[in-house]
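I have placed the structure first, in the form of structure tokens, so that the comments after it can refer back to it.
The values are calculated or read from the model by the stated rules, or taken from the named source; none is laboratory data. Here the structure is a predicted model, which is why all the values come from computation and not from measurement. Every residue, glycine among them, receives a Cβ derived from its backbone with ideal geometry; neighbour counts consider all protein chains shown. SASA here: full protein model, heavy atoms, side chains in, ligands and nucleic acids out. Shrake-Rupley method; radii C 1.70, N 1.55, O 1.52, S 1.80 Å.
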Amino acid sequence: MGSLGAMLKHPEDVYPLLKLRLAAKNAEKQIPPQPHWAFCFTMLHKVSRSFALVIQQLGPDLRNAVCIFYLVLRALDTVEDDTSIPSDVKVPILEGFHRHIYDPNWHFSCGTKDYKVLMDRFRDLSIAFLELGRGYQEAIEDITKRMGAGMAKFILKEVETVEEYDEYCHYVAGLVGLGLSKLFHASELEDLAPDSLSNSMGLFLQKTNIIRDYLEDINEIPKSRMFWPREIWSKYADKLEDLKYEENSVKAVQCLNDMVTNALLHVEDCLTYLSALRDPAIFRFCAIPQIMAIGTLALCYNNVEVFRGVVKMRRGLTAKVIDRTNSMSDVYGAFFDFSCMLKSKIERSDPNATKTLSRIETIQRVCRESGLLNRRRSYVVESRPIYYSVIIWLIILLAIIIAFVSRR
């Protein structure tokens, strides 16, 4: 009912949603027939449907390498996330994971649902990895080794300072950005991007996820996962978990806004990285998640619902982003629109209002100075009267009737 209600309210979402559904069906047809590859791509669709769609728009060799890279890191992340594994068992696995990917006989059961299936059938993932080109293998091994070591380091400590927060995000996501840049370079389709820009691409996505997933992480059983840095949250609460209680809502939202403001630091680097890409498929693969991130931050900012449940973009808006993202003008337009949405939610009473406003204005200035804003369609649709939706739905219904009658 929620999806139907959203479509009734946003009938302009219907066409992008239909296109997305067709694209997903076509992507499923491209799954390689070999059992181990079929498992990998099927698993990719299960653990990240939208990510799977953009991966499968890449050329075959790069597509396979990125698929395996993503699943290897999801498997590594599954080990890190499983709070039931004792640290003395978990740490050696994380530190040695880069060797396990070369061994089809290695097995370690952990995780839940689809992630448990991924770990239980790690053999298929290893076999597929061993079929990649040597350049791809070396890039995946290097990043897996560095990420496992970083994860092991933070298993034994909490994130205290903003500097440690950036370091943790570097290990779990910035390295993903570096690894993808290496894969793009190995494919000979792109120049090797500077590490600082690749790192920012990962940090922006990871910080968005950490902000959005506060409640899920803090309620993790048997042990909470705490990624918000003490240096930030201690200004607003005695304990990080206190932010979820209704009586602390005002301070919780102020802390949330502080976290969002921190994440916005990486936007300029992300735009610089994207503007240097040449291959259209790689560009879409990189740009779509970044637009989703700025859209998610716009929704989360000043929104107490982050502490009550999951805040995310509606499916129709996600479909629009995937459908419309084809050039830098689309990227600048999306970042400008979502930054406008966020800016409209800034309240003068917020302790970080001046800092947040400054970062938003910097983003908007970069977008305006690109000279490309007039070449895109807006993501921020003003409120329209109810008869607008009725007219749109009547047009859709009429088109369906005409199509049905013409087939008789």
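Of note:
- Scanning segment 221-243 for residues that are over 18 Å from residue 207 (Cα atoms) and open to solvent by 90 Å² or more (accessible area, probe 1.4 Å) yields a count of 6.
- Conditions (1) at pLDDT 95 or above; (2) assigned to a helix (DSSP H, G or I); number of the one not met by residue 347: (2)
Here's the yes/no breakdown for (1) hydroxyl-bearing (Ser, Thr, Tyr); (2) in contact with a Gly (Cβ under 8 Å, 6 or more places away or on another chain); (3) surrounded by fewer than 18 Cβ atoms within 10 Å (Cβ to Cβ); (4) not in a loop (DSSP other than H, G, I, E, B):
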{"site": "312", "(1), (2), (3), (4)": "no, no, yes, no"}
{"site": "317", "(1), (2), (3), (4)": "no, yes, no, yes"}
{"site": "335", "(1), (2), (3), (4)": "no, no, no, yes"}
{"site": "340", "(1), (2), (3), (4)": "no, no, yes, yes"}
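- Yes/no for residue 108 being without any contact (Cβ under 8 Å) to a residue 40 or more places away in the chain, farther than 17 Å from residue 186 by Cβ, touching a helix residue (DSSP H, G or I) at 6+ places or on another chain (Cβ under 7 Å) and not in a loop (DSSP other than H, G, I, E, B): no
- Residue 320 being of a type in the set (D, E, K, R), under 30 Å from residue 236 (Cβ atoms) and touching a helix residue (DSSP H, G or I) at 6+ places or on another chain (Cβ under 9 Å): no
- All conditions in (1) modelled with pLDDT of 95 or more; (2) touching an Asp or Glu at 6+ places or on another chain (Cβ under 8 Å); (3) among the polar types (S, T, N, Q) hold for residue 78, with the sole exception of (2).
- Scan segment 127-142 for residues that are within 13 Å of residue 76 (Cα to Cα) and crowded, with 20+ Cβ neighbours inside 10 Å and the total you get is 1.
- Residue count, segment 357-389 (criterion: in contact with a helix residue (DSSP H, G or I) (Cβ under 9 Å, 6 or more places away or on another chain), at pLDDT below 65 and open to solvent by 100 Å² or more (accessible area, probe 1.4 Å)): 1
- Qualifying residue in segment 151-158 (condition: touching a residue at least 40 places away in the same chain (Cβ under 8 Å) and either closer than 19 Å to residue 309 by Cβ or basic (Lys, Arg) (or both)): no
- In segment 146-178, of all residues being of a type outside the set (Lys, Arg) and not in a helix (DSSP H, G or I), the one that is surrounded by the fewest Cβ atoms within 10 Å (Cβ to Cβ) corresponds to 156.
- In segment 357-373, the residues that are touching a residue at least 40 places away in the same chain (Cβ under 8 Å) and in contact with a Cys (Cβ under 8 Å, 6 or more places away or on another chain): 373
- Test: residue 86 is surrounded by fewer than 21 Cβ atoms within 10 Å (Cβ to Cβ), modelled with pLDDT of 90 or more and more than 21 Å from residue 140 (Cβ to Cβ): yes
- All positions within segment 72-83 that are more than 14 Å from residue 139 (Cα to Cα) and assigned to a helix (DSSP H, G or I): 74, 75, 76, 77, 78, 79, 80, 81
This table checks each residue for (1) in contact (Cβ under 8 Å) with a residue 40 or more places away in the chain; (2) over 29 Å from residue 306 (Cβ atoms); (3) under 19 Å from the mean Cα position of the chain (by Cα); (4) in a helix (DSSP H, G or I).
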| position | (1), (2), (3), (4) |
| --- | --- |
| 185 | no, yes, no, yes |
| 191 | yes, yes, no, no |
| 200 | yes, no, yes, yes |
| 205 | yes, no, yes, yes |
| 216 | yes, no, yes, yes |
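- Of all residues in segment 19-60 being open to solvent by 20 Å² or more (accessible area, probe 1.4 Å), at pLDDT 80 or above and hydrophobic (A, V, I, L, M, F, W, C), the one that is farthest from residue 287 (Cα to Cα): 38
- Summed over segment 269-306, residues that are open to solvent by 40 Å² or more (accessible area, probe 1.4 Å), of a type in the set (Asp, Glu) and more than 23 Å from residue 249 (Cα to Cα) total 1.
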